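Heads up, the thing below is written out as structure tokens.
Each value in this text was obtained by applying a stated rule to the coordinates, not by laboratory testing. Everything numeric in this text was worked out from a predicted model, so none of it was measured. For neighbour counting, all protein chains shown are included, and Cβ atoms are generated from backbone atoms with ideal geometry for every residue, glycine included.
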């Protein structure tokens, strides 16, 4: 099984990097991360300068954490295409002929997609952090920006973990839905649509459910205080990570159930 998984992972690695969509998605995610992080940090610094808050500081990497809520969709597209493109082209038949054990196919895809997304999150987060620090040195932003090394490492690493687990969740949904349109709809609702609807109900039970969905769980894991709830997500980073892992595992289980039972 280990040899088969290794061979399948090598094949998936080659397929991932052989198409231009991979490069476009990663480039788009990096550009969106930088632009969004700089915009959010600039807005925070401008507000602090306008209000004249004594001792106000803008940590360069905090806006990277906030930007993940937007950037995740660029990487969702890449994770989705890692499996749905094979169904649309018929390539899944060749994949399953080469690796008949379907659980190995899905595991191999996850083992390739997750590290790529982690690296994308860390690298784009690091570039965005530096960009924020450089831009906010301008006099217009009051020189409030700071760059604590420990916090920056924690924030960009957290972004990488978040992107990796959201990508695995997307991969599982893609295996279950088998189409790009269906997968994109389900993942969008899971990450943003349904949490917002639940928040708008005003019900405490609905709010609690919303806060346990992937995006808010990720913000809790990364320690964000800049989110739609108006403050920190009311549970620990460890619980946030547990919810993210649970969603990823549930999506993979659903994807495997469909992949195992249905013909390609």
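Using a Förster radius of 35 Å, what is the FRET efficiency between residue 6 and residue 31 based on their Cβ-Cβ separation? Nearest 0.05, please.
E(calc), rounded to 0.05, equals 0.55.
Using 7 Å Cα-to-Cβ label points, what is the residue 39/residue 209 separation (nm, one decimal)?
3.1
Calculated from DSSP H runs of 4 or more alone, at -39500 (n - 2.57) each and per residue, what is the 222 nm mean residue ellipticity of the chain, nearest 500?
-26500 deg cm²/dmol
For region 1-49, what is the Kirkwood estimate of the hydrodynamic radius, computed as the reciprocal of the mean inverse distance between distinct Cα atoms, to one decimal in Å?
With all distinct Cα pairs of region 1-49 included, I get 13.8 Å.
Report, to the nearest 10°, how far helix 2-17 tilts away from the longest principal axis of the Cα atoms in the chain, using its own Cα long axis and a range of 0 to 90°.
Roughly 60 degrees, rounded to the nearest 10.
What length, rounded to one decimal in nm, is gained on full extension from residue 47 through to residue 147, with 0.36 nm per residue of separation minus their alpha-carbon distance?
That pair, residue 47 and residue 147, stretches by 34.1 nm at full extension.
Could you state the number of Å between the C-alpha centres of region 235-264 and region 70-131?
First find each Cα centre; the distance between them is then 15 Å.
Relative to the first principal axis of the alpha-carbon coordinates of the chain, what is the inclination of helix 62-89, with its axis defined by its Cα atoms, in degrees from 0 to 90 and to the nearest 10?
Tilt relative to the chain: about 20 degrees.
Using the count of nearby Cβ atoms within 10 Å as a rough guide to exposure, how do 173, 25 rank from fewest to most?
Placing the least packed residue first, the sequence is 25, 173.
Between residue 239 and residue 258, what is the label-point separation in nm under the 7 Å Cα-to-beta-carbon projection?
Placing both labels 7 Å beyond Cα along the Cβ direction yields 3.1 nm.
Using alpha carbons only, how many degrees (0 to 90, rounded to 10) separate the axis of helix 102-135 from the longest principal axis of the chain?
Helix 102-135 sits roughly 20 degrees off the main axis of the chain.
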